[in-house]
Each structure stands twice: as C-alpha cells, then as structure tokens.
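> One structure coming up, written as structure tokens, with questions to follow.
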Amino acid sequence: MAALTTGSTGSLKSDSSPWIIVGQVAAALAVGMGIGRFVYTPILPLMVAQAHMTSQLGGLVATGNYVGYLAGAMAGIFVPRLLHSKVTLRISLVVVVLTLAGMPVTEHGAVWFVLRLIAGIASALVFMVAVSSMLTHLRAHGYHLAGWAFGGVGAGIALSGILVLVLRAVSNWTAAWIASAILAAILSALAWPMKTQPPTAQPDGAAKLTYPRSHRWFSALMVSYSLEGIGYIIAGTFLVAAIDQSIPGWIGSGAWVLVGLAALPSSALWAWLAHRFARPVLLLAALIIQAIGIALPALFGGVVPAIISAILFGATFLGIGTIALAIGAHLRFPRSVALLTTGYSVGQILGPLLVTPVLNHGYHDALLIGAATVSIAALAAILLGLRFPHKVEPLDAVDED
C-alpha cells in the first residue's frame, strides 16, 4: 500500500459519474498492483520448473520489485506533484506493460531483477496517482465507492491468475508473461482517461495547529504495520509455490485466483465494518485471520486448507492496509501515511530476504515465518488498542507545551 492520503482532500465536483471514476481507478490499480506487482506469484513456480530459476533467485528477483516500490513511494513523498500528474500515470502504465513483456526476453537473473525493480517504481506511482485521484473525486460520495475502487487490486490478481492457470496447461512461462502484458495493456486503456487534480492549498490557519501527543499509539501501529509488510509479502510471493510443492497441478494457480476474488470486495467490507466496530479491534482481528490463513498450507496438506488459506489471505491483506492508514490519520500524527508507507515498504523488502536461507528446504518454512511475523504484528495491535483515543482533536498552538 502507498500513501493513501497524499492527494487532495478537497471536495471537488466531477463531471463524470462516480462509478466511471471507480472503474478507471480500479483499472489502474489492477494494472499497477494486481498484475504489475503480483502476477509474479503464480508465474514463479513455472519459472522454477521451466526457466532454471532457483528458489533463492526467485526471492531476490521478488525483492527487486519491492525495492523499486519503496523508491517509487519515496519519489511520491518528496516530489508530491508527481501524484497529480496525468503524464506520470500514463508513463507508469506503459512502463508496467513493457516490463511485463520484457521478462520472457531473457533468462538472466540480473535482467529479471532490474525489470522487476523498474516495475516496482512504476507500480508505486500508478497506485499513488490513482488513489490521489480517487480521494479527490469520490470524497463527496459514499465510502463504499472507494472500497470498490480498491477492489481493482483483487480484480487484477484474479484476472492474471486465471490467465496463468489456463496457460500453464497449454503453454509455458514465457506465454504467461506475454499474456499478462496484453491484459495490462487492455486495462491501461480503460484507465488512460482518468482525471487527475492539482492539490488544494491548505487553509491559512492550518499551519497554526499542532497535534495531540499520540506517540505511544502510533509507535505500536508503526511496529504492527511494518511487521505486516514482512509477513504479508512472504505469503504474497511464495503462497502459490508452497501449494504447488504439496499439490502439483492447477491448485496453486487456482488458489491465487481465489486470493484475487476474495480481495475484490474486501476493502468495501472492511470499510463497512469500520463504521460499526473500533478500528484497533478490526486490525487485530484481520491480522489474526491472516496469520491463520498463511500458516494453513504449511501445516496441513490437501486442497481444502489451500482454498481456505487463499480466501483468508485475500480477504485481509487490503483491509489491513486500509485500516492501519485510517488509524494513522485518526491519530493525527504528523506525516503518518508517509511513515507507515515507508515502514510497510521496508518490511516488504526484508520479507523475501528473511526467508531466503530456508528456501532450500521448500516454501513451507517460509510461510510459517510469515505467519509468525503477522502474529507478532497482532501482539503490537493489542498494545495499540489499550486505552486507544477514539476521539482526537487538533490542539491549538498555545497548548503545545
């Protein structure tokens, strides 16, 4: 996840139907995240089997994408005008498509690493521009619309997963990358007309406000969300490979399709729940559910645990990001989204590196490490919920001391 509140927060009218905006944002997120970032997961077992990729190289290539994503996120933080540029969006969409198409051109690990690095940068920029546009143009509409727009990530995962599932039966890993590039190009065309909006200037009095001291709760949130970045990306990278290791055939790719289908409505569902339950409670519940889902294929063989794992993981990973960033905004901690995004991105880089030493023995140990890390994130979420300030208001500057 990237900086969800970086864009304008002004309530501006749009001459487009809100559902058209939802569709365009969802298409952009499907390209940048669902395909650009996550199609590597179902293709990885094919590359190991057909392209002489080792498990260790697979982890390093995955890390390249996460390093690129962090670089793209930091570019958005330090050059915020990028997030309101239609040119940034369109160039990034094209780059995602080209890097997908470039993967089967070579079998050199260093080139794969560079391509995934560049794809990570472009994916981060697509994500942030799309979300900035969504926050600008959908602010006056129901919260559920933003949830469905985020569902584009799940749609991209599901569509690309179906492609790989079909192609693994009739073709090879190169065709899977090419087909994914074609799918990304089609969805990019749908996202191409998406409107961007210059950021709205802050009110004159905004600089005179300071914020309540929320370091205790924000520190717990930061630890929890950073650990989630480690644990979720281990599953997001190796879940299909782990299932394939136990159940060769189509089950692994089929499980990844279920991840996407479960993720599609998940943000809208968690947004609805946030209006009925305290967010720290929801964060804790989502982390526990996700930890169980990640551990299942490592602890139990068979199709049923694989299916349950896919559904639980898909239903939580977007929701956890949405909830965590909303809590950061609620606490009014300065630059909360930038800090949380950075911690999450660093976690994503560390995840594959952390489990690389155990990949010689397969992927099940990696999933157990991921589940354990998410469980520790849940413990931090418990600390977050202790005496949580459910009502937080800015303090006037005279009360700063």
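Bear in mind these aren't lab numbers, they're just calculated from the coordinates by the rules spelled out. Since this is a predicted model, take the numbers as computed values, not measurements. Note that we place each Cβ from the backbone using ideal geometry, even for glycine, and neighbour counts take in every protein chain shown.
> With contacts defined as alpha carbon pairs under 8 Å and 6 or more residues apart, what's the relative contact order of the chain in percent?
Relative CO of the chain lands at 26 percent.
> Which of the peptides 109-118, 278-287, 31-40 is most tightly packed, and how do the rest follow, going by the mean number of other Cβ atoms within 10 Å of each residue?
31-40, 278-287, 109-118
> How tilted is helix 336-355 with respect to the longest principal axis of the chain? Cα atoms for both, answer in degrees (0 to 90, nearest 10).
20
> If each residue's Cβ is checked for other Cβ atoms within 10 Å, how do Asp365, Asp244 rank with the fewest at the top? Walk me through the intermediate numbers first.
Numbers: Asp365 16, Asp244 24.
Lowest count first: Asp365, Asp244.
> Hey, another quick one. Treating the angle as unsigned and between 0 and 90°, give the value, to the nearest 10°, between the Cα long axis of helix 143-170 and the longest Cα principal axis of the chain.
With rounding to tens, the tilt is 10 degrees.
> Just want to confirm a number: the relative contact order over segment 18-199, from Cα pairs under 8 angstrom separated by 6+ residues, in percent.
Rounded, it is 45 percent for segment 18-199.
> Using the Karplus curve 6.51 cos²θ - 1.76 cosθ + 1.60 with θ = phi - 60°, what ³J(HN,Hα) values do you get for each residue of segment 76-85, in whole Hz, with x for Gly and Pro?
Result, rounded to whole Hz: x, 6, 8, 10, x, 5, 4, 6, 10, 10.
> Normalise the Debye intensity by I(0) for segment 18-199, one equal point scatterer per Cα, no solvent, then take log10 at q = 0.11, 0.15, 0.18 Å⁻¹ and round to two decimals.
-0.44, -0.79, -1.08
> On a C-alpha basis, how far is the centre of segment 360-389 from the centre of segment 69-97 in Å? Whole number, if you could?
Answer, in whole Å: 31.
> Tell me which trypsin sites (Lys or Arg not before Pro) from segment 247-347 have a DSSP coil assignment and no more than 16 other beta carbons within 10 Å of their own.
Arg276, Arg335
> Now for a different question. Helix 215-246 sits at what angle to the longest principal axis of the chain, using alpha carbons and giving 0 to 90 degrees rounded to 10?
Here the helix axis deviates by roughly 20 degrees.
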